[in-house]
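Shown next, in structure tokens, is the structure this report addresses.
Please treat every number below as a calculation from the coordinates, not as lab data. This is a predicted model, so every value here is computed, not measured. Cβ placement follows ideal geometry from the backbone for every residue including glycine, while neighbour counts extend to all protein chains displayed.
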Amino acid sequence: MPEFAQERPVKVRGLVKRYGRLTAVDRVDLTVERGDVYGFLGPNGAGKTTTLRMLLGLIRPDGGSIRLFGRDPDADPIAALAGVAGFIEEPRLYPYLSGRANLELLAALDRGRAGRREIDAVLEVVELGDRAGDKVGHYSQGMRQRLGLASCLIRRPRLLLLDEPANGVDPAGIRFLRGLVRRLAGEGMTILLSSHLLAEVQEVCNRVGVIDKGQIVHEGPLARLDTGGGYRLRATEPARAAEALGRLRCVGDLRRERDELVFALADEGAAVEVTRALASAGVGILALVREQTTLEELFFRLTESHGGARGPEAMVA
């Protein structure tokens, strides 16, 4: 295996992009490991798409470094992007040509790496084989997104960068894309995708990064999401239970919601201390349930603490 193939697919350090007085990307560090399905999230204007444009060599950074499999796309774009494919916002296609003709043209521009057999194969992968002869201008938005994916796959990439691949896609199309991402990841492809569909990201991604106001505010495995979860308690005497929990150092953010107490614990072991304190206070436990933090909750918690999220509809750029 070539030496560069052992390098991380994406390693970004101190990345900066300015537009006049506006710093769109502000000292961003980003790491995508081999085999990751990495979800890249951020509110509108956070710097997400700008970062992806720099990764694909479409715009030049003003500072910092980018390495794709150890190579610099700014210094040597042909070598750095040899195993990389993707599209930003939506694929650029010729509407007056058929789906197949679009792929043939792209393959020719890519030095003819893909022939008819490869084109037929990717058309089947994205389930456009029976519409390959139709003009792209007659395609639905979801079909254009799938053809855009096909245009990436004919390059046989090791790293796939996708900006809002489910944009304008109906629920059936979203389910198809979810399955395709899982299939490609299962075949060893590394995928970095941005999406405003947080539930879908949580379904397919193993790691996430959240960017807000040009800065990374969270990066880590999805498997650790539940460490931020709180606890819900239903007790025989809520008032006395609140008194007992309020005296414990391990309990934080204690509040009452109807007949339940909601609180956070310093660590998992503190749950034992809680049950002992309640027992000593003569309070019976009807239910003590740990809640798992969802990706949506994490997103809003991070962006609101960093200056205010602008709502789900704003998370598309």
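So how do 135-144, 28-37, 178-187 stack up, highest first, on mean other-Cβ count within 10 Å? Write down the numbers at each step before the final one.
Values: 135-144: 16.1, 28-37: 18.2, 178-187: 14.6.
Ranked from most to least packed, the peptides come out as 28-37, 135-144, 178-187.
Expected output is a single nm value to one decimal: the length gained when fully extending between Val262 and Arg247, i.e. 0.36 nm times separation in residues minus the C-alpha distance. What is it?
3.9 nm
Starting from the amide H of Ser98, placed 1.01 Å from N in the peptide plane, find each other amide H under 5 Å away whose residue is 5 or more places distant or on another chain.
So Ser98 has HN proximity to Val136.
Given the DSSP H assignment, sum -39500 (n - 2.57) over each helix run of at least 4 residues in the chain and divide by its residue total; what's the result at 222 nm in deg cm²/dmol, nearest 500?
So the helix-based figure for the chain works out to -9500 deg cm²/dmol.
Amide H to amide H, which residues 5 or more places from Asp62 or on other chains are under 5 Å from it, using H placed in the peptide plane?
Residues meeting the amide H criterion: Val16, Lys17, Arg18.
Along the charge dipole of the chain, Cβ charges K/R +1 and D/E -1, which of Ala132, Ala82, Leu254 sits furthest on the positive end?
Ala82
For the range 230-290, just say rounded, prolate or oblate: build the C-alpha gyration tensor, square-root its eigenvalues into a ≥ b ≥ c, call rounded for a/c under 1.5, and beyond that prolate if a/b exceeds b/c, oblate if not.
rounded
Per-residue HN-Hα couplings for the range 130-136, Karplus 6.51 cos²θ - 1.76 cosθ + 1.60 at θ = phi - 60°, whole Hz, x for Gly and Pro?
Taking θ as phi minus 60°, the curve returns 7, 10, 4, x, 7, 5, 5 Hz for the range 130-136.
Looking only at the range 131-165, which residues have a backbone nitrogen under 11 Å from a spot 7 Å from the Cα of Arg34 in the C-beta direction?
Counting backbone N atoms under 11 Å from the label point, the list is empty.
For Arg60 and Ala239 in one chain, what is 0.36 nm times their gap in residues minus the Cα-Cα distance, to one decimal in nm?
Taking 0.36 nm per residue and subtracting the Cα distance, the gain is 58.5 nm.
Based on alpha-carbon atoms only, what is the radius of gyration of the range 3-224 relative to the globular estimate 2.2 N^0.38 Å?
On the way: Rg = 17.0 Å, N = 222, 2.2 N^0.38 = 17.1 Å.
Computed over Cα atoms of the range 3-224, the ratio equals 0.99.
Figure the gain on full extension for Arg178 and Ala121 (residue separation times 0.36 nm, minus the Cα-Cα span) and round it to one decimal in nm.
Working it through step by step, the gained length comes to 18.6 nm.
Give me the net charge for the shell around Asp72: Cβ to Cβ below 13 angstrom, other residues only, Lys and Arg +1, Asp and Glu -1.
Summing Lys and Arg as +1 and Asp and Glu as -1 gives +2.
What shape does the range 51-160 have by the C-alpha gyration tensor, where a ≥ b ≥ c are the square roots of the eigenvalues, rounded means a/c under 1.5, and otherwise prolate means a/b greater than b/c and oblate the rest?
It is prolate, given that a/c is not under 1.5 and a/b is the larger ratio.
List the aspartates and glutamates whose Cα lies under 14 Å from the Cα of Lys48, skipping any in the same chain that are fewer than 8 positions away.
List returned: Asp26, Asp29, Glu89, Asp163, Glu164, Asp212, Glu219.
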